[in-house]
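Data block below; observations after.
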């Protein structure tokens with residue numbers, strides 16, 4: 001495979017997996033060697049084993065960090081602080097991309113940033129959707145309600161009023177309070193149900209001011 005062939009086939013793909021080139025009558029070892037050479041020369045950036053993107057000079061469609069987060073770990077979606085910031089529910093800038101997964105928790109880093117994956121049980125792996133990010137890219141992102149609940153679920157002491165107030169929530173009109181309580185009930189966690197009920201009261205109090 002030649003470099004111009006690669007650009008012609010997948011030049012507009014923000015991220016690609018090397019498995020794309022292993023079908024048919026090819027030498028897998030040679031494909032891996034070629035990708036390694038292009039990575040060493042700076043034409044490609046390896047995001048994780050078998051996962052690549054083009055270096056800045058060759059990028060036609062720069063990958064959104066959320067796309068990279070989805071692709072680096074299957075059975076995951078962007079949530080927690082990153083989703084809350086995306087929806088402008090919290091005022092803080094979030095430097096890392098935060099996700100939840102049914103797999104093992106881990107923190108990964110590459111030239112595009114730091115990607116943090118927190119483990120949740122399979123029965124709580126819901127409440128996410130495919131979101132358009134522009135330039136033909138889309139990623140799995142939690143709903144606003146689930147982003148909050150994922151954070152509460154994973155944070156010790158999150159059912160305290162002090163903790164909920166310290167979140168400094170804003171733009172709460174986008175939150176569906178009934179859905180928030182429904183999702184909390186599906187988690188089968190008394191702590192999360194308490195936290196969600198307190199959070200709803202807090203949101204209603206903010207709206208009444």
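The values are calculated or read from the model by the stated rules, or taken from the named source; none is laboratory data. Everything numeric in this text was worked out from a predicted model, so none of it was measured. Backbone-built Cβ (ideal geometry, glycine too); neighbour counts: all protein chains shown.
Residue check: residue 12 meets all listed conditions (1) surrounded by 17 or more Cβ atoms within 10 Å (Cβ to Cβ); (2) in a loop (DSSP other than H, G, I, E, B) but one, namely (1). Scan region 166-186 and give yes if some residue there is on the phi > 0 side of the Ramachandran plot and buried (at least 18 other Cβ atoms within 10 Å of the Cβ), otherwise no. No: zero hits. Of all residues in region 6-42, those that are farther than 23 Å from residue 69 by Cα and touching a helix residue (DSSP H, G or I) at 6+ places or on another chain (Cβ under 6 Å) total 2.
So, of the residues in region 39-79 that are part of a loop (DSSP other than H, G, I, E, B) and out of contact with any strand residue (DSSP E or B) (no Cβ under 9 Å at 6 or more places or on another chain), which turns out to be farthest from residue 100 (Cα to Cα)? Among those residues, the one meeting the criterion is 41. Can you say whether residue 54 is outside the structural domain of residue 148 (by TED's automatic domain parsing) and modelled with pLDDT of 95 or more, as far as the supplied structure shows? It is true that residue 54 is outside the structural domain of residue 148 (by TED's automatic domain parsing) and modelled with pLDDT of 95 or more. When the residues of region 43-52 are filtered to those that are crowded, with 17+ Cβ neighbours inside 10 Å and over 13 Å from residue 69 (Cα atoms), the one that is farthest from the chain's Cα centre (by Cα) is 43.
Residues being at pLDDT below 95, part of a helix (DSSP H, G or I), surrounded by 13 or more Cβ atoms within 10 Å (Cβ to Cβ) and over 12 Å from the mean Cα position of the chain (by Cα) are entirely absent from region 84-95.
Pairs linking a residue in region 59-85 that is at positive phi to a residue that is assigned to a helix (DSSP H, G or I) and modelled with pLDDT of 95 or more, with Cβ atoms under 7 Å and 6 or more positions apart or on different chains, are 80/147; 80/150; 80/151.
Considering only region 111-134, I want to know if a residue exists there that is modelled with pLDDT of 95 or more and at positive phi. Yes, region 111-134 contains a residue that is modelled with pLDDT of 95 or more and at positive phi.
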